[in-house]
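This report refers to the structure that appears directly beneath it.
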Amino acid sequence: MNHLLKLLDLSREEIIEILNLADQLKYETKNGIEHKVLEGKTLGMIFQKSSTRTRVSFETGMYQLGGQALFLSNRDLQIGRGEPVQDTARVLSRYLDGIMIRTFEQKEVEDLAEYGSIPIINGLTDFCHPCQVLADLMTIREHKGRLDGLKLCYIGDGNNMANSLIVGGLKVGMEVATACPDDYRPDKQVLEFAKEYGDKYTLTSDILAAVKDADVVYTDVWTSMGEEAETKKRKIAFAGYQVNDEVMAAAKPDAMVQHCLPAHREEEITAKVFEEHADEIFDEAENRLHAQKAVMVKLMGGK
Ligand code: CP
Ligand code: NVA
């Protein structure tokens, strides 16, 4: 594993190895055991979109690993004025030990990896959000004790989160059901991948059918970053695609709820369901730190 560009590139074993290392790093962090295995290393963090969790967890994680992180906003970088990503990749490779990038097009992340010579980590694109799903899988395994055989139901937009959850969930042996409006289905490449898994993956617009007997109920915003102009149209298209009491009643009685955050209460999730499952959701947010530290250790050296 040289980069983390998308979960499609990772094997089941590589995902499980990251989760195991993340558990170990979490244990060490909680018990005051230092692990400065990236001492002297620098991670560049390019942000072309906003972020709370990704920025703070990568920066803190790098610090805890003994290295440092540089926040690079597209408002300040020459990339924001049109310097090609191919040149940016080759320049930054001369200074840094790794790059985390959050941007729009997946191609930009793939180009960075192609033209640069250091590990590239995808911190969210329109296509996927692999770091988030590694943290989600870690959280689900922590709460349920396993991943294999669990049913994950995703309700809402067939967006970057849906794409990564389908791939990650299926790879680790989960059954994945997605309930999305017909015009907002997951990416074709992901649906093609899911075909290999036969009836372990289902796509429907029937929320109650998708959530039946689910162990994990997942949702995300109706309007992602970059789609703000469509907000009104999307509110109409997604009306009803909400995680609420009725939906939770169709899931298993001990079903957990996950949300990558930020959440829009009374849109994709009711405030009641959100607060009833807040511990699980904020464990998930915390685990971004541990899962990404594991990714950085794997990619940038150390143990
Ligand atoms: N879930 C997530 O990636 O959060 P941020 O947008 O705050 O980084
Ligand atoms: N789908 C959301 C996820 C945010 C973490 C977005 O892309 O804005």
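Derivation of every value follows stated rules applied to the coordinates shown; laboratory data play no part. Everything quoted here is computed from the prediction, not taken from an experiment. Please note: Cβ atoms are built from the backbone with ideal geometry, for glycine as well, and neighbour counts cover all protein chains shown.
Any chance you could check the Cα centroid distance between region 251-303 and region 49-68 for me, in angstrom?
Comparing the Cα centres of region 251-303 and region 49-68, I get a distance of 16 Å.
Once you have all Cα-Cα distances for region 71-176, histogram them in 10 Å bins from zero and send the whole-percent values.
Per 10 Å bin, starting at 0, the Cα pair percentages come out as 14, 38, 25, 18, 5.
What span do the alpha-carbon atoms of region 1-135 cover on each of the three principal axes, reported in whole Å from largest to smallest?
Principal extents (Cα only, largest first): 46, 30, 27 Å.
For Tyr218, Tyr154, Tyr241, Tyr27, which order do you get if you count the other beta carbons within 10 Å of each Cβ and list the fewest first?
Tyr27, Tyr241, Tyr218, Tyr154
Taking a virtual spin label 7 Å from the Cα of Leu191 along the C-beta vector, which residues in region 205-243 bring their backbone nitrogen under 18 Å of it?
Only 205-207, 210, 238 fall inside the zone, counting backbone N under 18 Å.
Give the Rg/Rh ratio for region 177-247, taking Rg as the radius of gyration of the Cα atoms and Rh as the Kirkwood radius, to two decimals.
0.98
Can you give the local net charge around Ala162? Use residues other than it whose beta-carbon is closer than 13 angstrom to its beta-carbon, Lys and Arg +1, Asp and Glu -1.
-4
Charges on Cβ only, +1 for Lys and Arg, -1 for Asp and Glu, centred on the Cα centroid of the chain; of Ala263, Gly169, Met138, which one is farthest towards the dipole's positive end?
Met138
Roughly how many debye, to the nearest 20, is the charge dipole of the chain about its Cα centre, given +1 on each Lys and Arg Cβ, -1 on each Asp and Glu Cβ, and no other charges?
Using Cβ point charges on Lys, Arg, Asp and Glu, the chain gives about 640 debye.
Lys235 to Glu114: extension gain in nm, 0.36 nm per residue of separation minus the Cα-Cα distance?
Taking Lys235 through Glu114 to full extension adds about 39.7 nm, to one decimal.
For Val91 and Ala209, calculate 0.36 nm times their separation in residues minus their Cα-Cα distance, and state this gained length in nm to one decimal.
Additional length available on full extension: 37.4 nm.
Give me the three principal axis extents of region 1-54 from the C-alpha atoms, as integers in angstrom, largest value leading.
Here the spans come out as 34, 28, 23 Å, largest first.
Assuming a ≥ b ≥ c are the square roots of the Cα gyration tensor eigenvalues, decide whether region 164-303 counts as rounded (a/c under 1.5), prolate (otherwise, with a/b larger than b/c) or oblate.
Here region 164-303 falls in the rounded category.
Using the Cα atoms of region 85-244, I'd like the radius of gyration and the largest Cα-Cα distance, Dmax, both in angstrom.
Rg and Dmax of region 85-244, Cα atoms, are 17.1, 52 Å.
Treating the angle as unsigned and between 0 and 90°, give the value, to the nearest 10°, between the Cα long axis of helix 106-115 and the longest Cα principal axis of the chain.
30
Lys and Arg at +1, Asp and Glu at -1: add these up for the other residues within a Cβ distance under 9 Å of Arg102 and post the number.
+2
FRET efficiency for Asp183 and Thr52, Cβ-Cβ distance as r, R0 = 41 Å, nearest 0.05?
So, using R0 = 41 Å, E works out to roughly 0.90.
Quick one: if the Förster radius is 22 Å, what FRET efficiency do Asn74 and Glu227 give, using the C-beta to C-beta distance and rounding to 0.05?
Efficiency at R0 = 22 Å is approximately 0.75.
Starting from the alpha-carbon convex hull of the chain, give the projected area averaged over all orientations, in nm².
Projected area, direction-averaged: 14.8 nm².
Considering only C-alpha atoms, what is the centroid distance from region 81-122 to region 130-182, in Å?
27
Run down the lysines and flag those whose C-alpha is under 29 Å from the C-alpha of Lys36, throwing out any fewer than 8 positions away in its chain.
Cα-Cα hits under 29 Å: Lys6, Lys26, Lys293, Lys298, Lys303.
Taking only Cα atoms, what is the 0 to 90° angle, nearest 10, from helix 53-64's long axis to the longest principal axis of the chain?
Computed tilt is about 40 degrees.
Please determine, in degrees from 0 to 90 and to the nearest 10, the orientation of helix 130-144 with respect to the longest principal axis defined by the Cα atoms of the chain, where the helix direction is its Cα long axis.
Between helix and principal axis, roughly 60 degrees.
With springs only between Cα atoms under 10 Å, which of Val273, Val133, Val176 fluctuates most in a Gaussian network model of the chain?
With Cα springs under 10 Å in the chain, the top fluctuation among Val273, Val133, Val176 is at Val273.
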